[in-house]
Amino acid sequence: MDVFLLFLFNTNNMSKTGVLLINLGTPDDAKWGPVRTYLSEFLNDPRVIDIPWLLRKILVNGIIVPFRSFSSTKIYKELWTEKGSPLIYHGESVAEKLQAQLGEDFGVHLAMRYQNPSMDKVMGEMRFKNYKKLIIIPLFPHYASASSGSAMEKALKIISKWWVIPEIAMVSQFWDDEGFINSFVARANQYNIDEYDHVLFSYHGLPERHVDKVYDDGVPCADHNCENEVTEDNKYCYKATCYGTTRLLVEKLGIPEEKYTVAFQSRLDKKWLRPFSDDFIKERAEKGDKKILAFSPAFVADCLETTVEIGIEYQEIFEEHGGEKVQLVESLNDHPLWIDTLEKMVRDRA
């Protein structure tokens with residue numbers, strides 16, 4: 001009887017499409033042990049730190065993780081709420097609302113590339129649903145090997161072990177999706193931009209070598225005019241698409257060129273994408289700016305980099321050098337327009 005019910009359940013799911021939303025990940029708790037475990041898994045990914053295996057193991061496990069775990073734990077405690085990690089509860093809300101809008105012909109699942117809910121566990125559950133098709137959406141607007149690339153590679157490795165492999169559709173990036181842009185415009189409309197001295201579009205940083213690897217012509221990213229246009233050559237260049245997103249946003253918001261700046265945050269060393277967001281904050285304060293409006297369009301959910309790095313750390317830097325307020329434009333989280341955007345992404349590929 002149980003076998004028959006399982007067969008019947010799987011047969012009913014054969015007409016359904018499975019949707020997998022993937023975000024980066026977060027520690028299971030804001031304590032030293034879970035933070036250390038998370039950092040170890042994240043930083044040992046060869047797409048994140050792209051150096052030879054032995055050097056990566058020595059650097060990550062012998063230097064970075066032991067020394068960074070304590071400071072990172074303090075930061076995660078600033079981020080944590082009574083509901084836990086914002087990346088998790090915003091993600092769960094998005095999955096729940098997207099499921100409600102898509103209806104019974106779809107099954108929506110949420111997984112994290114690192115830690116929990118793990119891709120292995122979630123995709124293992126999806127395998128037994130016997131979906132006719134899978135639509136996989138890494139929740140990273142701009143393609144980068146260390147984020148979108150890693151998530152898609154992991155998904156394909158898991159699926160490659162399945163005996164039955166269904167039809168698969170993947171979304172590698174959506175930086176110019178009209179719904180995505182309009183969702184951020186809706187967030188920005190909560191603020192009067194004219195009240196701010198300058199607008200910062202702050203994107204997560206990457207090592208320069210990561211964007212240089214996008215090009216097969218041997219010419220570095222710096223020589224591809226990525227600040228000014230997205231072309232066939234640089235359409236998967238993270239730097240080019242970040243600038244592309246900014247151009248779309250400022251056009252819709254009517255922000256003049258002299259009033260905004262694109263910069264990159266969360267750097268580990270000086271060989272990362274420039275200009276650096278923290279340097280920008282300091283320089284604008286020293287020039288006399290009192291109010292900065294800050295966007296972080298590389299993130300679809302508020303997290304460590306938005307809430308703590310921009311909302312707290314940049315605020316402290318700004319005040320220290322004479323400024324008054326760095327106002328973070330909240331991320332999309334579970335905004336209705338963002339749910340509508342995801343629904344359209346899915347239905348367009350179903």
| task | Give just the number: which of (1) more than 17 Å from C303 (Cβ to Cβ); (2) surrounded by 22 or more Cβ atoms within 10 Å (Cβ to Cβ); (3) not acidic (D, E) does Y114 not satisfy? | result | (1)
| For I292, which of the numbered conditions (1) surrounded by fewer than 20 Cβ atoms within 10 Å (Cβ to Cβ); (2) part of a strand (DSSP E or B) fails to hold? | (1)
| field | Subset of region 191-212 [within 24 Å of S266 (Cα to Cα) and exposed (fewer than 14 other Cβ atoms within 10 Å of the Cβ)] | value | R209
| request: For R187, work out the one condition from (1) in contact with an Asp or Glu (Cβ under 7 Å, 6 or more places away or on another chain); (2) without any contact (Cβ under 8 Å) to a residue 24 or more places away in the chain it doesn't fulfil. | output: (2)
| note | Checked against (1) among the small types (G, A, S); (2) in a helix (DSSP H, G or I); (3) surrounded by 20 or more Cβ atoms within 10 Å (Cβ to Cβ), A263 satisfies every condition except (2)
| query | Pairs under 8 Å by beta carbon, first residue closer than 13 Å to Y203 by Cα and free of Cβ contacts under 8 Å to residues at least 60 places away in the same chain in region 290-311, partner among the aliphatic types (A, V, I, L, M) and outside any helix (DSSP H, G or I), six or more apart or different chains? | reply | T306/L328
| field | Residue count, region 215-258 (criterion: touching a helix residue (DSSP H, G or I) at 6+ places or on another chain (Cβ under 7 Å), in a loop (DSSP other than H, G, I, E, B) and hydrophobic (A, V, I, L, M, F, W, C)) | value | 4
| note | The number of residues in region 97-135 that are over 18 Å from I165 (Cα atoms), in a loop (DSSP other than H, G, I, E, B) and of a type in the set (F, W, Y) is 0
| query | Here are some residues: Y38, Y76. Which one is farther than 17 Å from A146 by Cα and in a helix (DSSP H, G or I)? | reply | Y76
| task | Write out, first by first residue and then by second, each pair whose Cβ atoms fall under 7 Å of each other, whose residues are 6+ apart or on separate chains, and whose first residue, in region 251-278, is within 17 Å of Y314 (Cβ to Cβ) and in contact (Cβ under 8 Å) with a residue 12 or more places away in the chain while the second is basic (K, R) and part of a loop (DSSP other than H, G, I, E, B). | result | F264/R274; F276/R267
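Kindly establish whether E316 is without any contact (Cβ under 8 Å) to a residue 40 or more places away in the chain, closer than 23 Å to A30 by Cα and of a type in the set (D, E, K, R).
For E316, the condition - without any contact (Cβ under 8 Å) to a residue 40 or more places away in the chain, closer than 23 Å to A30 by Cα and of a type in the set (D, E, K, R) - is met.
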| Qualifying position, being of a type in the set (G, A, S) and within 19 Å of Q173 (Cβ to Cβ), among A298, A263, A285, A294 | A298
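Let's see how each residue does on (1) under 25 Å from I339 (Cβ atoms); (2) surrounded by fewer than 17 Cβ atoms within 10 Å (Cβ to Cβ):
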position: I88; (1), (2): yes, no
position: R127; (1), (2): no, no
position: Y143; (1), (2): yes, no
position: M152; (1), (2): yes, no
position: K161; (1), (2): no, yes
position: V171; (1), (2): yes, no
position: S183; (1), (2): yes, no
position: N189; (1), (2): yes, yes
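Values quoted throughout were computed directly from the atomic coordinates according to the rules given, and no laboratory measurement underlies them. All values derive from a computational prediction rather than experimental measurement. A quick note on method: Cβ atoms are made from the backbone with ideal geometry, for glycine too, and the neighbour counts reach across all protein chains shown.
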